[in-house]
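In what follows, a single structure is set out as structure tokens and then discussed.
Every number in this text was worked out from the coordinates using simple rules, so none of it is lab data. Just so it is clear, the structure is predicted and the values come from calculations on it, not from any experiment. Note: ideal-geometry Cβ built from the backbone for every residue, glycine included; neighbour counts use all protein chains shown.
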Amino acid sequence: KMFLFQFVNYYSSCFYVAFFKGKFVGYPGDYSYMFGKWSKLRNEECDPGGCLIELTTQLVIVMAGKQLWGNIQEALLPLLRTWWNSRRGRHNPENQYSRWEQDYILLNFTQLGLFYEYLEMVIQFGFITLFVASFPLAPLLALCNNILEIRVDAWKFTTQFRRPVASKARNIGAWKEILNAVAILSVVTNAFIMAFTSDMIPRMVYLYAISKDKSMKGYISNSLSVYNISQIPKANMPEENWYDNSTVTCRYRDYRYPPGHMREYDHTMQFWHILAAKMAFIIIMEHVVFVVKFFVAWLIPDVPSDVKARIKRERFLIQEYLHNYEVERLKLQLSASFITEPHSETTLTPDMTLTSDKLEVLSEC
């Protein structure tokens, strides 16, 4: 539950810029509004260059700011709390108390102490995987931050906290499933970022399907549609000092038929070709990445073969030890029973005769 809250807090702005901003704005004659036309709140548009640069900026600010503020909190807050606790014992000289008595004023390491450490690392893992297509240097920033944080945590655990009590754990628990879910989601998000947020697919379609000389010459003109200014509603008409009255048409980013066409302002066939190419790219990329992921997971086992052999030998030695222990225990019990019973009153029948073979059978049972 805590991870879901933090997921929304840290990633919502990046998801908005990557997948929603500038995607549902309409066109000059029919703009889309957030709560209907009565609200007069048009959906936000991207810059002429697209939203990819804005996504990169947003990711750098949120990721770097979070990591910097987190390190300051981890170093400063325990130091201040320890200093405040030590004020109550200032009148007592330190040489009167042993080391463990002096450590009592340090902060107590609670059961949720490691929870927030895991949460911080998982949030960082999400930043460097979910949006790495827009900011490939994110893993480098994370590496530099972790090098610094290792020293900060080492100083914090050794000087500001009481010695924590160790507890056994088979694995990292639910965090493993969360990391797997984030890794799978990152494949989808990066595929959508490359297809819909960047201009990679429209450029490739223009280069290989539309351009006659197989170059990007004329791409800007091809990616802009034409609109007749006289058809713009008065509510959306720009101020007169913003444009020349002799200007008849304007250009906007979209693939729509020009004014005067029989399908005026409808999407062109190039729009649908680009959309189909985007969907095909997403499907192909996801399948390729997942196949490579499963192949690498199969190729590199979780437990090496030599470790498996040692585990099997350890289990065999444990079983052999338990077997020998049970045999010796039964021998002692049988010998003790024969010693305590009088020989005169003991009559052995064929059914009561214990041979060495039966003894081994009993020990194996």
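Key figures
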quantity	calculated
Inter-probe distance in nm under a simple model that places probes 7 Å from Cα toward Cβ, at Asn146 and Met204	3.0 nm
0 to 90° range, to nearest 10: angle between helix 52-87 axis and the chain longest Cα axis	40 degrees
Residue of Leu140, Leu185, Leu322 that the Gaussian network model of the chain assigns the largest fluctuation, springs spanning Cα pairs under 10 Å	Leu322
Ratio of Rg to Rh over region 201-299 (Cα coordinates, Kirkwood Rh, two decimals)	1.19
Stretchable slack from His267 to Gln111, in nm (0.36 nm times residue separation minus alpha-carbon distance)	50.3 nm
Identified option (computed volume of the Cα convex hull per residue in Å³; candidates (i) 349; (ii) 168; (iii) 149)	(i)
Computed FRET value (nearest 0.05) for Met121 with Lys217, which takes r as the C-beta separation and R₀ as 45 Å	0.40
Lys/Arg +1, Asp/Glu -1 at C-beta; the chain dipole; positive extreme among Phe109, His323, Pro304	Phe109
Fully extended contour minus Cα-Cα distance, from Phe295 to Asn241, at 0.36 nm per residue	13.2 nm
On Cα atoms only, tilt of 2-19 relative to the major axis of the chain in degrees	30 degrees
Within region 107-165: Cβ-based charge dipole about Cα centre, in debye rounded to nearest 20 (Lys, Arg +1; Asp, Glu -1)	220 debye
Where GluC sites (Glu not before Pro) in DSSP loops with at most 10 other Cβ within 10 Å are excluded, longest remaining stretch of the chain	1-238
Calculated on alpha-carbon atoms, Rg and Dmax of region 2-198 in Å	23.0, 83
When each of Lys1/Lys293; Lys66/Lys176; Lys37/Lys214 is checked by Cα-Cα distance, pairs over 32 Å	Lys37/Lys214
Electrostatic dipole magnitude of the chain [Cβ: Lys, Arg +1; Asp, Glu -1; Cα centre; debye, to 20]	1060 debye
Cα→Cβ-extended label distance, 7 Å offset, between Asp302 and Leu330, nm	3.7 nm
Lysines with Cα under 30 Å of Lys217, excluding same-chain neighbours fewer than 8 positions away	Lys21, Lys23, Lys278
Simple label model, 7 Å out from Cα along Cβ direction - Leu185 to Ile172, nm	1.6 nm
Gyration tensor (alpha-carbon) shape descriptor, region 2-56, a/c threshold 1.5	oblate
Near-label residues of region 115-143 by backbone N, under 13 Å of a point 7 Å along Cα→Cβ of Phe19	130-131
